[in-house]
Amino acid sequence: MFVSSWLVNQFSKVESRNLHYLRTHQHELHVEQYHLFADAVATKEGQVGNIGRPIILPSNYTGSPRHMNQLFQDAMAIVRNRGTPSLFLTYTCNPNWIEIKQELKDGEVPNDRPDLICRVFKMKFDEFMKDLTKGNVFGKITGHIHVIEFQKRGLPHAHILPILSSEDRPRTTDDYDKFVCAMLPDKVVNPILYKNVTSFMLHGPCGALHPNSPCMKDGKCKFGYPKPFANETTEPTKKVNPLYKREDDGRTFVNEDTGFEYDNQNVVPYNEYLIQKYQCHINVEICSNIMTVKYLYKYVYKGSDRAVVSVTPIEDQGHQSEPAITAHDEIKDFQDGRYISASEAAWRLLDFPLHSEFPNVVRLMVHLPGNEPVYYAPTDDPSKILHNIPVTQLTGWFAFNKIKKEEYIERLRLDINAQPHPSLNTLYHDFPSIAVWKKSPRPSKWIDRTRATNLPVGRMHFVQPSEGERFYLRQLLLNVPGATSFEDLKTTHDPEEVHDTFKDACLARRLLHDNSEWSSCMMEAALFSTGKQLRNLFINILLFNEVNNPLDLWNTYKYDMSEDFFYRATVINMDQVLDDEILNLTLTAISLDLMLHGKTLQDYSLPTPTPVLPGQGYILVDQERSKYDAVTQGQLRDQLTPKLNQEQKSIYDEILRTITVVQNFNQAQTGL
């Protein structure tokens, strides 16, 4: 216990010191867009110390929300390039591994040595990944993603998503059965496998007879156990993962401590080879939809980062200066409620990685002319900064293409059959596969890639449609290969014309007809956004842009925008919820958000949802209502309302006011 406390304290000190450095040194290294920096220097008479004042927790800080968001989008870039994951594996540490027990001192138990647990887990997990990637246990792997997490009780575990080659990808139920088993083995024929399965791969006891089990929620196991018997494995659907073969063959296992009798309904899916070799909990599932990747970075369901801006006076030598805009304290948000287990502390102090992605992902900057990021210190000479315009990945791409184009023209003079450099036919986001970005020595530049193996994946940062010209610039980068400048992107050749804006260039290239730009935006966002985030994007597109056919956009992406509702439905009662009910809830959510902006669905020729009222068979709503007794809740309200303080009463009144607005809106829609 002393070791655990010491590890947590030491890591807390390290993390607090790192965060303190970020908080107190943000003013020493600033970043600003080049044209804004020039304007600021002009208005502040050459003083650069107060330019760029946001206090943020950067994306390169391990575990920060920005860091996790970047990793999530990196994972989706790999999925777009290599295909969807074929399997979803969970590899959990076994504290009773012989390698751990033989190193314990007299009187010690495994939980007393989280450092030892982490070291052994790391070695075994490395061997496990070698089996997957080089041993081809499931076949040839073209890409993979894994992340390390820690249970509340402290044991480390890993989620792994391997992407198999098209030749080895499981496609039929027979393929599923080769990879995954969900039945108790024969105790006589294979006693070692039987021991491992009964030790590591049984779920329960839970269900109606064990309502207090940790997995029980609203009277049901949140993991769906006990599973139904099945004589054969079934194909997965868009909503439901495959149901594995679980024969009612009479095989059982009785736990000597609890007396609970397990059968095939309680078996967690596993792979026979892996569980026998590693002797720990290794859950193997067929990955049937993109939601599995989103689960890997589950924080994304908390929503996108939001900045709360406040105006606060800055004290300077006893005098109050003009109010300054300061960003929300992201460092404080990260620290508040932070839970650190002893195993996580040991893992981080040992500097073991928390995640890994293959292939590598290169994040590509997208910026408008003059919006290059400028890095500087408060003591830097403004004139030198202004005369050293930074080379970004984008402007470096232009420069690389310009050189290769000039070389190609020169070669053509000597050889009419000369071929252009591949970069002149390569899009910006595919460029990292043929070139390497070198940050040093300065200035940064792209150079030809010499190795043709393990090629990285390029990813442009996502741009919201509300960002205007930057959004249209990104559309051009997605469609125009080998550009040599911003002006080149604005140039069309039939007829040849340099357009004033990136939007005009998109129009001339017919990239903005028939909702194509909005459909492309929604399609890309659907890969990494939650249903709620997609609905917000859809609403922003409707409110701030000209959409030729909103109904067509709704019909194309209505199921993606309903993803969170479908997930809740499968948890509650997947067999009874109809698609129309879910889509009705989605339309209702969109309608309520549009109402806040003074708009209605009718303004965009979208379907009108049927109001969700009690007793009309809307399962998600009725299921939620069934948990509460109206009379009892009314009595609690009357008892507790007088005890609210002023601030609580204000919040309570605002909630009631909002509910009244929604009810009035529903009544207006139905004419009640």
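The values are calculated or read from the model by the stated rules, or taken from the named source; none is laboratory data. Small disclaimer: the values here were computed from a predicted structure and weren't measured. Cβ coordinates were reconstructed from backbone atoms using ideal geometry, including for glycine residues, and neighbour counts include every protein chain displayed. Side chains are part of the model used for accessible areas, which takes the heavy atoms of the whole protein and leaves out ligands, DNA and RNA. Shrake-Rupley method; radii C 1.70, N 1.55, O 1.52, S 1.80 Å.
Here are a few things to note about the model shown:
- Hey, residue 492 more than 23 Å from residue 74 (Cα to Cα), polar (S, T, N, Q) and assigned to a loop (DSSP other than H, G, I, E, B) or not: no
- Residue match in the range 374-389 (condition: at pLDDT 90 or above and surrounded by 12 or more Cβ atoms within 10 Å (Cβ to Cβ)): no
- In the set (1) open to solvent by less than 20 Å² (accessible area, probe 1.4 Å); (2) under 24 Å from the mean Cα position of the chain (by Cα); (3) not acidic (Asp, Glu), the condition left unmet by residue 141 is number (1).
- The one condition in (1) modelled with pLDDT of 85 or more; (2) more than 25 Å from residue 84 (Cα to Cα); (3) among the aromatic types (Phe, Trp, Tyr) that residue 554 fails to fulfil: (2)
- Selection count, the range 446-474, where residues are surrounded by fewer than 17 Cβ atoms within 10 Å (Cβ to Cβ) and part of a strand (DSSP E or B): 2
- Residue within the range 607-623 that is open to solvent by 80 Å² or more (accessible area, probe 1.4 Å), outside any helix (DSSP H, G or I) and at pLDDT below 75 present: yes
- Residue 105 farther than 22 Å from residue 344 by Cβ, without any contact (Cβ under 8 Å) to a residue 24 or more places away in the chain and either in a helix (DSSP H, G or I) or among the aromatic types (Phe, Trp, Tyr) (or both): no
- Residue list for the range 624-672, filter: hydrophobic (A, V, I, L, M, F, W, C), open to solvent by 70 Å² or more (accessible area, probe 1.4 Å) and modelled with pLDDT of 60 or more: 630, 631, 636, 640, 651, 655, 656, 659
- Taken over the range 232-285, the criterion of being in a helix (DSSP H, G or I) and not polar (S, T, N, Q) is satisfied by 272, 273, 274, 275, 277, 278.
- The residues of the range 64-115 that are more than 30 Å from residue 330 (Cβ to Cβ), among the aliphatic types (A, V, I, L, M) and open to solvent by less than 20 Å² (accessible area, probe 1.4 Å), listed by number, are 87, 89, 100.
- Checked against (1) under 30 Å from residue 276 (Cα atoms); (2) of a type outside the set (Gly, Ala, Ser); (3) at pLDDT below 85, residue 51 passes all but a single condition, namely (1).
- Filter result (crowded, with 17+ Cβ neighbours inside 10 Å, modelled with pLDDT of 85 or more and more than 28 Å from the chain's Cα centre (by Cα)) within the range 1-42: 4, 7
- Checked against the criterion of being in contact (Cβ under 8 Å) with a residue 24 or more places away in the chain and open to solvent by 10 Å² or more (accessible area, probe 1.4 Å), the range 487-498 contains one or more residues that satisfy it.
The rows are residues; the columns are (1) in a helix (DSSP H, G or I); (2) among the acidic types (Asp, Glu); (3) touching a residue at least 12 places away in the same chain (Cβ under 8 Å).
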| site | (1), (2), (3) |
| --- | --- |
| 410 | yes, yes, no |
| 417 | no, no, no |
| 429 | yes, no, yes |
| 479 | no, no, yes |
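- Only one of 174, 186 that is modelled with pLDDT of 85 or more, within 30 Å of residue 78 (Cα to Cα), surrounded by fewer than 19 Cβ atoms within 10 Å (Cβ to Cβ) and of a type outside the set (Ser, Thr, Tyr): 174
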